[in-house]
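Peer 1: Below is one structure. I have some questions about it.
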Amino acid sequence: MQKSKIAGIGKYVPANVVTNNDLLKYMDTSDEWIQERTGIKERRYAKRTGETTTTMAVEAAKIAIERAGITPQDIDFIVFATLSPDYYFPGCGVLLQRAMQMKEIGALDVRNQCSGFVYALSVADQFIKTGMYKNILVVGAEKHSFGLDFSTRGRNISVIFGDGAGAIVLQPTTKDNQGILSTHLHSDGTSAEILAMYNPGTHANHWAEQKVADFNDNEIGDMFMSHEMIDNAQNFPFMDGQSVFKKAVVKFPEVIMEALAANGLQTADINMLIPHQANLRISQFVQHKLKLNDEQVYNNIQHYGNTTAASVPIALCEAWEKGKIKDGDVVCLAAFGSGFTWASALLKW
Ligand code: UT7
């Protein structure tokens, strides 16, 4: 049966490097705390104006498309993963289609946060396997710096995240020693509120225990975003970091082992594991648990922070550019995050 292969890959990170010490201007934190708890030394922030989630995705996509030896007009479907879209709607997929002057192709946005790219890859893989499309652009991109609370109140979240984009072109292959072997997708919505941005939204306090605003059944409209929400900083993401951490270190190894078992492989067969760059301590925990050596795992959170949907393609691209991934290598992608959702993909490069 026809499989899909990564025919081209690209990444883009903004030029602006923000060190841990740079953040001291805005909040009570320290380089020591951030490095010790997360491994992060610096991250990149997009320009406030002139650089958006979509424009960063365009830069990554241009490289991926060129490396695949095709043109933007050859792309026949877009899958775009992000939690920080340019607009609440429409999604970034159509903005990318417009910016790259692509044909009137389908454009799908995926909202699965940290596991967004692996989910997007899985969706694209199915379309290639059925023969429906031949050149799918799969993108993960984020401009977090525009939506974080940079006061001390938001420091547990804001120090972690960074901006950037990664993209791949997925094409069919019939070669035995190449292509996506399997993808594995999971969710558990019982903890949806543990890592979430509640507003703007239509929940009207229905799900979360914490009251967000006073909603009156006899009124209509205008509560999508209120002054009260903004005054109480309820327009920023919320995270119970410890709970996320505890679940992540269970689900990462589980979904990696699931991918290996589905293909009759062992941890020793992995040439490169690209874990979503959530926290260096999580990646190290997973490496230790699976008894992988340093050459089998790639981390770059130290320099980019957690770029959510962009982290897996950025790390994959960087590892490949450094010559750490070669033709025929077994590569495992794995991610866990808000939802909770988690996912893995096993492929031969
Ligand atoms: O990719 C999306 C998925 N997200 C994740 O995977 C994140 C998983 N969780 C984590 O990475 C960690 O939980 C964090 C890095 C977010 C936090 O580390 P932690 O070791 O769990 O710290 P904590 O939240 O338990 O906070 C410990 C202390 C608190 O002070 P007290 O109450 O002990 O006095 C916090 O107020 O650290 C304080 N703190 C900070 N101090 C300096 C929280 N953030 C900061 C900060 N700088 N930026």
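The values are calculated or read from the model by the stated rules, or taken from the named source; none is laboratory data. On a predicted model such as this, the values are computed, not experimentally measured, just so you know. Methodologically, a virtual Cβ is constructed for each residue, glycine included, from the backbone with ideal geometry; neighbour enumeration extends over all protein chains shown. SASA here: full protein model, heavy atoms, side chains in, ligands and nucleic acids out. Shrake-Rupley method; radii C 1.70, N 1.55, O 1.52, S 1.80 Å.
Peer 1: Quick one: in the stretch 2-38, which of the residues that are away from the ligand (no atom under 14 Å from the Cβ) and loosely packed, with under 13 Cβ neighbours inside 10 Å is farthest from the chain's Cα centre (by Cα)?
Peer 2: Only one residue tops the list, namely Gln2.
Peer 1: Filter the stretch 249-278 for residues that are buried (at least 20 other Cβ atoms within 10 Å of the Cβ) and in a loop (DSSP other than H, G, I, E, B) and give the result.
Peer 2: Ile270, His276, Gln277, Ala278 - these are the residues of the stretch 249-278 that are buried (at least 20 other Cβ atoms within 10 Å of the Cβ) and in a loop (DSSP other than H, G, I, E, B).
Peer 1: Would you confirm, using the coordinates I've provided, whether Asp176 is modelled with pLDDT under 95 and not β-branched (Val, Ile, Thr)?
Peer 2: Yes, satisfied.
Peer 1: Which residue is nearest to the ligand (Cβ to nearest atom), if the candidates are limited to the stretch 263-285 and must be aliphatic (A, V, I, L, M) and either in contact with a strand residue (DSSP E or B) (Cβ under 6 Å, 6 or more places away or on another chain) or under 17 Å from Ile160 (Cβ atoms) (or both)?
Peer 2: Per the criteria, the residue is Ala278.
Peer 1: Out of all the residues in the stretch 43-62, which are touching a residue at least 24 places away in the same chain (Cβ under 8 Å) and surrounded by fewer than 18 Cβ atoms within 10 Å (Cβ to Cβ)? Reasoning before the result, please.
Peer 2: Residues of the stretch 43-62 touching a residue at least 24 places away in the same chain (Cβ under 8 Å): 43-48, 51-62.
Within the stretch 43-62, Lys47, Arg48, Lys62 meet the criteria.
Peer 1: What about Ile314, is it crowded, with 22+ Cβ neighbours inside 10 Å, in contact with a Phe, Trp or Tyr (Cβ under 7 Å, 6 or more places away or on another chain) and part of a helix (DSSP H, G or I)?
Peer 2: For Ile314, the condition - crowded, with 22+ Cβ neighbours inside 10 Å, in contact with a Phe, Trp or Tyr (Cβ under 7 Å, 6 or more places away or on another chain) and part of a helix (DSSP H, G or I) - is met.
Peer 1: Of the residues that sit in the stretch 286-302 and are touching a strand residue (DSSP E or B) at 6+ places or on another chain (Cβ under 7 Å) and within 16 Å of the ligand (Cβ to nearest atom), which one is most open to solvent (accessible area, probe 1.4 Å)?
Peer 2: So the residue we want is Gln287.
Peer 1: Could you tell me which residue of the stretch 142-198 is nearest to the ligand (Cβ to nearest atom), considering only residues that are part of a helix (DSSP H, G or I) and buried (at least 18 other Cβ atoms within 10 Å of the Cβ)?
Peer 2: Filtering the stretch 142-198 for residues part of a helix (DSSP H, G or I) gives 144-146, 152-158, 189-194.
In the following step, the residues that additionally are buried (at least 18 other Cβ atoms within 10 Å of the Cβ) were identified as 144-145, 154-155, 157-158.
Numbers: His144: 11, Ser145: 15, Gly154: 9, Arg155: 4, Ile157: 7, Ser158: 8 Å.
The qualifying residue nearest to the ligand (Cβ to nearest atom) is Arg155.
Peer 1: Condition first: in a helix (DSSP H, G or I) and at pLDDT 95 or above. Can you find one or more residues in the stretch 222-229 that meet it?
Peer 2: The first filter runs over the stretch 222-229 and keeps only residues in a helix (DSSP H, G or I), leaving 227-229.
Filter once more, keeping what is at pLDDT 95 or above: none.
Looking through the stretch 222-229, none of the residues is in a helix (DSSP H, G or I) and at pLDDT 95 or above.
Peer 1: Of the residues that make up the stretch 214-222, is at least one aromatic (Phe, Trp, Tyr) and in contact with a strand residue (DSSP E or B) (Cβ under 7 Å, 6 or more places away or on another chain)?
Peer 2: No, the stretch 214-222 contains no residue that is aromatic (Phe, Trp, Tyr) and in contact with a strand residue (DSSP E or B) (Cβ under 7 Å, 6 or more places away or on another chain).
Peer 1: Right, here's the next one. Would you mind telling me which numbered condition in (1) in a loop (DSSP other than H, G, I, E, B); (2) surrounded by 21 or more Cβ atoms within 10 Å (Cβ to Cβ) Gly328 fails?
Peer 2: Just one mismatch for Gly328, condition (2).
Peer 1: Could you list, in sequence order, all residues of the stretch 82-108 that are over 15 Å from the mean Cα position of the chain (by Cα) and either at pLDDT below 95 or hydroxyl-bearing (Ser, Thr, Tyr) (or both)?
Peer 2: Tyr87, Tyr88, listed by residue number.
Peer 1: Return the residues of the stretch 39-58 that are among the charged types (D, E, K, R) and within 13 Å of the ligand (Cβ to nearest atom); say none if nothing qualifies.
Peer 2: Across the stretch 39-58, the qualifying residue is only Arg43.
Peer 1: Scan the stretch 89-114 residue by residue and report those that are open to solvent by 50 Å² or more (accessible area, probe 1.4 Å) and in contact with a strand residue (DSSP E or B) (Cβ under 7 Å, 6 or more places away or on another chain). Steps first, answer last, please.
Peer 2: The first filter runs over the stretch 89-114 and keeps only residues open to solvent by 50 Å² or more (accessible area, probe 1.4 Å), leaving 89-90, 94, 98-99, 101, 103-104, 108-109, 111.
Val94, Leu108, Asp109 - these are the residues of the stretch 89-114 that are open to solvent by 50 Å² or more (accessible area, probe 1.4 Å) and in contact with a strand residue (DSSP E or B) (Cβ under 7 Å, 6 or more places away or on another chain).
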